[in-house]
Amino acid sequence: SSAAKASAVKITEKASREKILTLESMNPQVKAVEYAVRGPIVLKAGEIEKELRKGIKKPFTEVIKANIGDAHAMGQRPITFLRQVVALCTYPNLLDSPSFPEDAKKRARRILQGCGGNSLGSYSASQGINCIREDVASYIERRDGGVPADPDNIYLTTGASDGIATILKILVSGGGKSRTGVMIPIPQYPLYSAAISELDAIQVNYYLDEENCWALNVNELRRSLNEAKAYCNPKVLCIINPGNPTGQVQSRKCIEDVIHFAWEEKLFLLADEVYQDNVYSEGCQFHSFKKILYEMGPEYYNNVELASFHSTSKGYMGECGYRGGYMEVINLHPEIKGQLVKLLSVRLCPPVSGQAAMDIVVNPPIPGEESYSQFIKEKESVLNNLAKKAKLTEDMFNKVPGIHCNPLQGAMYAFPRIFIPSKAIEEAKAHKMAPDMFYCMKLLEETGICVVPGSGFGQREGSYHFRMTILPPVEKLKILLEKVKDFHIKFLEKYA
């Protein structure tokens, strides 16, 4: 027995050689990637949920995950028509069922005819199913008041994130001071900083004006660009409109100024427009960069390179899990177009079920079709509800001493500024944490509310924020906001 044990020890010693892949040997660009909305705070929330399931007592009964814009996880009901069409595409035997409306069947048949073998299970063309790209082009033309859109400039993607990462991959080149600089808003959606890190590009920050409802100022763009020229080659300008995490909706004049700046400075424009349906404030309206570019005349329209992005995940649809999206890329060099299609072909194609979901977003029921009234009722219900929750969140936060929240003009998040006393800042440093991470961890541990610290999105030095989604149902949102208020007042008392 002892001889057998000794032999087993020797075998184990031989078996446990050094790992090939370690933190030291891995790709350093991947190690540099951070993604705050699923970062340490969310891991901690998962641990607390496990403890609650084990019966460990906490001062709360559930974790409310307000960290990510996942509508259906927060209880939003799917849009019936979208799900009907995807169901019919997934299981075509249902096309004979009287339970489904004819307009849903008509769309499903059209999508299936565009699929190899009439099946959603076949690969599509790398750029996406032709008839869906045609529907996207028609949608853009309607949205933009007749501005022409070419299906050949449409690329269906795995959510908007995939399109953004793909375009950035093509844009990044050079070394040293000629390395590509990518201008991003601060605060930003962390997909941008993560993609820039992964590609070893240079992040160039421009700051949104918090005192002016997170407006974008061209003078700030110019400052940022001129400073960056000393250490990189800034050639990409990213805009998020409506804003994430800040919720501002850009005015027409602002968009014109940005386009003129991009034209003047020879910058490739990326317009992240996934929240284009989510506009709530009176006097605010969504204007697409493509439409304004066209209206500024041929000198701009024929020259400014623009990629714009949309998704099934946001808006009134909230279909995050389907990973449906598209990008429209205009004024791309013909040879680069071939390179882009080549890069997309390496991934074969976006999920075909996601492409089908995207088709319904751009080709919904129209007046006169049998599903129209139910579709409009559901769509308006979701958007009216979000508008109410945006106002409720803004009003309740602004009643709390030490919290200031700008109007939530659009998107689906609040990004309130929080006052953190110097005593709490010192304690955060002792825990090797950013002050707003310390605040958010305490909020999670004491209330069960999971929000993301502003440091994960970027913010001006010395200012602190957190981002939370406004997606929970109204009654749960009220409870959440009351809990944040009570926590914040106690936090200020403790660290005063």
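The values are calculated or read from the model by the stated rules, or taken from the named source; none is laboratory data. Source: prediction; values computed, not measured. Cβ coordinates were reconstructed from backbone atoms using ideal geometry, including for glycine residues, and neighbour counts include every protein chain displayed. For the accessible areas, the whole protein counts, side chains as well, though only heavy atoms, and no ligand, DNA or RNA atoms are used. Shrake-Rupley method; radii C 1.70, N 1.55, O 1.52, S 1.80 Å.
Which residue out of 268, 309, 286 is under 24 Å from the mean Cα position of the chain (by Cα), of a type in the set (Phe, Trp, Tyr) and surrounded by fewer than 19 Cβ atoms within 10 Å (Cβ to Cβ)?
Working: 268 fails: surrounded by fewer than 19 Cβ atoms within 10 Å (Cβ to Cβ); 309 fails: surrounded by fewer than 19 Cβ atoms within 10 Å (Cβ to Cβ).
On inspection, the qualifying residue turns out to be 286.
Screening the range 472-496 for residues that are open to solvent by 10 Å² or more (accessible area, probe 1.4 Å) and aliphatic (A, V, I, L, M) and picking the one that is farthest from residue 188 (Cα to Cα) gives 496. Taking residues in the range 236-259 that are at positive phi, and partners anywhere that are in a loop (DSSP other than H, G, I, E, B), the pairs with Cβ atoms closer than 6 Å and at least 6 places apart or on different chains are 247/408; 247/409; 247/411. The condition of being open to solvent by 20 Å² or more (accessible area, probe 1.4 Å), outside the structural domain of residue 462 (by the TED database) and assigned to a strand (DSSP E or B) holds for only one of 205, 219, 226, that being 205.
Only one residue in 401, 365, 334 is at pLDDT 95 or above and over 22 Å from the mean Cα position of the chain (by Cα), so which one is that? Explain how you work it out, then say what you get.
Values: 401 fails: at pLDDT 95 or above; 334 fails: at pLDDT 95 or above.
365 is the lone residue from the list that is at pLDDT 95 or above and over 22 Å from the mean Cα position of the chain (by Cα).
Is one or more of the residues making up the range 39-48 in the same structural domain as residue 161 (by the TED database) and of a type in the set (Lys, Arg)? Checked against the condition, which is being in the same structural domain as residue 161 (by the TED database) and of a type in the set (Lys, Arg), the range 39-48 yields no hits at all. What number of residues within the range 290-299 are under 28 Å from the mean Cα position of the chain (by Cα) and open to solvent by less than 40 Å² (accessible area, probe 1.4 Å)? So the count comes out to 3. Look through 388, 399 and report the one residue that is of a type in the set (Lys, Arg) and within 21 Å of residue 471 (Cβ to Cβ). Among 388, 399, only 388 is of a type in the set (Lys, Arg) and within 21 Å of residue 471 (Cβ to Cβ).
Residue-wise test of (1) within 30 Å of residue 100 (Cβ to Cβ); (2) part of a helix (DSSP H, G or I); (3) open to solvent by less than 40 Å² (accessible area, probe 1.4 Å).
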residue: 385; (1), (2), (3): yes, yes, no
residue: 389; (1), (2), (3): no, yes, yes
residue: 394; (1), (2), (3): no, yes, yes
residue: 400; (1), (2), (3): no, no, yes
residue: 425; (1), (2), (3): no, yes, yes
residue: 433; (1), (2), (3): no, no, no
residue: 436; (1), (2), (3): no, yes, yes
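Looking only at the range 244-256, decide whether some residue is open to solvent by less than 10 Å² (accessible area, probe 1.4 Å) and assigned to a strand (DSSP E or B). No: the range 244-256 contains no residue that is open to solvent by less than 10 Å² (accessible area, probe 1.4 Å) and assigned to a strand (DSSP E or B). Which of the residues spanning the range 170-204 are touching a residue at least 60 places away in the same chain (Cβ under 8 Å) and more than 18 Å from the chain's Cα centre (by Cα)? Passing the criteria: 170, 171, 199, 200.
Quick one: is residue 326 open to solvent by less than 10 Å² (accessible area, probe 1.4 Å), touching a residue at least 12 places away in the same chain (Cβ under 8 Å) and either touching a Lys or Arg at 6+ places or on another chain (Cβ under 6 Å) or in a helix (DSSP H, G or I) (or both)?
Details: open to solvent by less than 10 Å² (accessible area, probe 1.4 Å): yes; touching a residue at least 12 places away in the same chain (Cβ under 8 Å): yes; either touching a Lys or Arg at 6+ places or on another chain (Cβ under 6 Å) or in a helix (DSSP H, G or I) (or both): no.
Judged against the criteria, residue 326 is not a match.
Being modelled with pLDDT under 90 and either in a strand (DSSP E or B) or charged (D, E, K, R) (or both) is the filter here; which residues of the range 185-201 pass it? 198, 200 - these are the residues of the range 185-201 that are modelled with pLDDT under 90 and either in a strand (DSSP E or B) or charged (D, E, K, R) (or both).
Out of all the residues in the range 423-450, which are free of Cβ contacts under 8 Å to residues at least 24 places away in the same chain and of a type outside the set (Lys, Arg)? If the condition is that a residue be free of Cβ contacts under 8 Å to residues at least 24 places away in the same chain and of a type outside the set (Lys, Arg), then 425, 426, 428, 430, 431, 433, 434, 438 are the ones that fit.
When the range 338-356 is limited to residues that are open to solvent by less than 10 Å² (accessible area, probe 1.4 Å) and among the small types (Gly, Ala, Ser), the one that is nearest to residue 168 (Cα to Cα) turns out to be 354.
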